[in-house]
1. Which count do you get for residues in region 102-117 that are touching a residue at least 40 places away in the same chain (Cβ under 8 Å) and assigned to a helix (DSSP H, G or I)?
2. Does Ser99 satisfy being within 23 Å of Ala204 (Cα to Cα), surrounded by 20 or more Cβ atoms within 10 Å (Cβ to Cβ), among the polar types (S, T, N, Q) and under 30 Å from the mean Cα position of the chain (by Cα)?
Amino acid sequence: MTTKTDANTKTDAQPADPAPAEDEALAEGAAATTGVEAETATETTTEAETAVRDEDAVAGDEAAADEDAEELADGLGDSDDVTAPEPAGVGQGAAAIVSAALGFLSLSGSWIGTIVGARETLTGQLNLSTNANPGVAAQVKEGYTDGWHATAAVGGFFALLALVVAVVVLSRPAFGAPGRPQAAWIKSAAWAGVSLGVIGLILAVAKYTDLIFGTPGLS
């Protein structure tokens, strides 16, 4: 009897072990807390890295914008330096326009040609007045043909002058500064002067030699 009582007493005196379920719950809670903390730390690190990258990108964009502005300013400065001597082409343009105008005058006539023709006609009439019995051919020649020839000669002079000026303008870049092309409108005006000059010169020579519009009865 004494032995059983002692055994029961020993059994009652020993503390009860915690339940395995409680240990597992505590472990899962600790693990969950650790996971949440890890996720929070990861998110914080990711946000910090994103902010750093954004700052770097903004700084890079600002640096690129500054470099572009500097390059643009340098380019504008270089272009100003290059285009500064450009007024030299003004003379060529004026000469090209003059050549075209001279070519037009050679075809349409001018007050100088009119005066020269009228003066030649007057001279012929004075010569006829001193001749007692001039022939018909002499009267026609002195009264008309010589005046027409004088007008044709003036027109030919203007045509030749237009041709010379236009050729000088077109050949000017070959003797000027290298790497400076001639403006397109200058070339166009100069070629117009060449064309009008050639046509005017041909017509003037043809009229002066009576190849065209010859004197009636004398051609």
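1. 8
2. So Ser99 passes the test.
Table: residues versus (1) without any contact (Cβ under 8 Å) to a residue 60 or more places away in the chain; (2) touching a Phe, Trp or Tyr at 6+ places or on another chain (Cβ under 6 Å); (3) under 19 Å from Gly89 (Cβ atoms).
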position: Ser129; (1), (2), (3): yes, no, no
position: Tyr144; (1), (2), (3): no, no, no
position: Gly147; (1), (2), (3): yes, no, no
position: Pro181; (1), (2), (3): yes, no, yes
position: Ile199; (1), (2), (3): no, no, no
position: Ala204; (1), (2), (3): no, no, no
position: Gly214; (1), (2), (3): yes, no, no
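Read-outs throughout are calculated quantities, based only on the coordinates presented, and are distinct from any laboratory measurement. If you're wondering where the values come from, they're calculated on a predicted model, not measured in any experiment. Here Cβ is always computed from backbone atoms with ideal geometry, including for glycine, and neighbour counts include all displayed protein chains.
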